[in-house]
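Here's the structure we're looking at; comments come further down.
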Amino acid sequence: MTIPIDISFRDIDPSPAVEARIREKAAKLEHFFERALSLKVVVEARHRHQHKGKLYNVRIHLAIPGEDLLVNHEHKQDHAHEDVYVAIRDAFDALTRQLEDRVRKWHGQVKTHAVPDHGRIAKLMTQAGYGFVQMPDGQEIYFHKNAAVDGFDRLAVGEEVRVIVQQGESDKGPQASMVARIGKHHLQSSGKG
């Protein structure tokens, strides 16, 4: 890896083999992200009180442009982390997932969810299991009882709801894939950030 790597050991003797494994894992990060500024790895051995052996904790700090990624892979009950190499693998796997998420975000590949439109329940056909939501423009959108997030039987005519309209139309016209009572769900905007 072309960036500086700082490896330190706490409550464990430094090991060239462990250090080599860390450098190997760090080099793999560079295959898909070359702009890292610095990498710090701390390997700690934690004594277990009731059992023989130690549990290893691996902390990683990766500085990248604009932010820092941190992993504190401490598993007090994870017996697999009695092996320092497993603890290193798991910590770098967690860091890789974080880094992949950031790279996707920077490239605009993060999945965004549409912000539902608002409407009011216009009609409920309780026996038949469907209803209609009236949108602000006056259009009525069909929905099946399965689209009701909070339960079809909890909806009432006149109640404000959030609606996600399916792409394309069914044989009944526009159809909602989700109908949720206002105030019951917190949805984020689809703006890329």
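Given the Cα-Cα distance of V42 and E159 and 0.36 nm per residue of separation, how much length would full extension add, in nm?
This chain segment gains 36.6 nm when fully extended.
Sort V179, V42 by Cβ crowding within 10 Å, fewest neighbours at the top.
Lowest to highest Cβ neighbour count: V42, V179.
Between A17 and K105, what is 0.36 nm times their sequence separation minus the Cα-Cα distance? Round to one decimal in nm.
The A17-K105 span can extend by a further 28.2 nm.
May I ask you to list the aspartates and glutamates whose Cα is less than 20 Å away from that of K105, ignoring any residue fewer than eight positions away on the same chain?
The qualifying aspartates and glutamates are E30, E34, E67, D68, D93.
I want the local charge near R120. Using Cβ-Cβ distances under 14 Å, sum +1 for each Lys or Arg and -1 for each Asp or Glu among the other residues.
Combined, the nearby Lys, Arg, Asp and Glu give -2.
Suppose R0 equals 30 Å. What FRET efficiency, 1/(1 + (r/R0)^6) with r the Cβ-Cβ distance, do I182 and D68 give to the nearest 0.05?
The formula returns an efficiency of 0.20 here.
What net charge is computed for the residues neighbouring R102, neighbours being all others with C-beta under 13 Å from the C-beta of R102, Lys and Arg scored +1, Asp and Glu -1?
Net charge in that neighbourhood comes out at 0.
In terms of modelled amide H atoms, which long-range or inter-chain residues lie less than 5 Å from the amide H of E159?
So E159 has HN proximity to I121.
For the stretch 11-21, in order, what is each residue's ³J(HN,Hα) by Karplus, 6.51 cos²θ - 1.76 cosθ + 1.60 with θ = phi - 60°, in whole Hz (x at glycine and Pro)?
Listing the rounded values in order: 6, 8, 5, x, 10, x, 5, 5, 4, 4, 5 Hz.
Report the normalised scattering of the stretch 117-181 as log10 I(q)/I(0) at q = 0.12, 0.17, 0.28 Å⁻¹, calculated by the Debye formula with identical scatterers on the alpha carbons.
Reported log10 I(q)/I(0), two decimals: -0.22, -0.46, -1.34.
How much FRET efficiency would the formula 1/(1 + (r/R0)^6) give for Q98 and N146, where r is the Cβ-Cβ distance and R0 is 25 Å, rounded to 0.05?
With R0 = 25 Å, the Cβ-Cβ based efficiency is 0.10.
Net charge near F9: determine it from the other residues with C-beta under 10 Å of the C-beta of F9, scoring Lys and Arg +1 and Asp and Glu -1.
So the surrounding residues net to -3.
Here, each number is a calculation from the coordinates, and none is a lab measurement. Since this is a predicted model, take the numbers as computed values, not measurements. Virtual Cβ from ideal backbone geometry, glycine too; neighbours counted across all protein chains shown.
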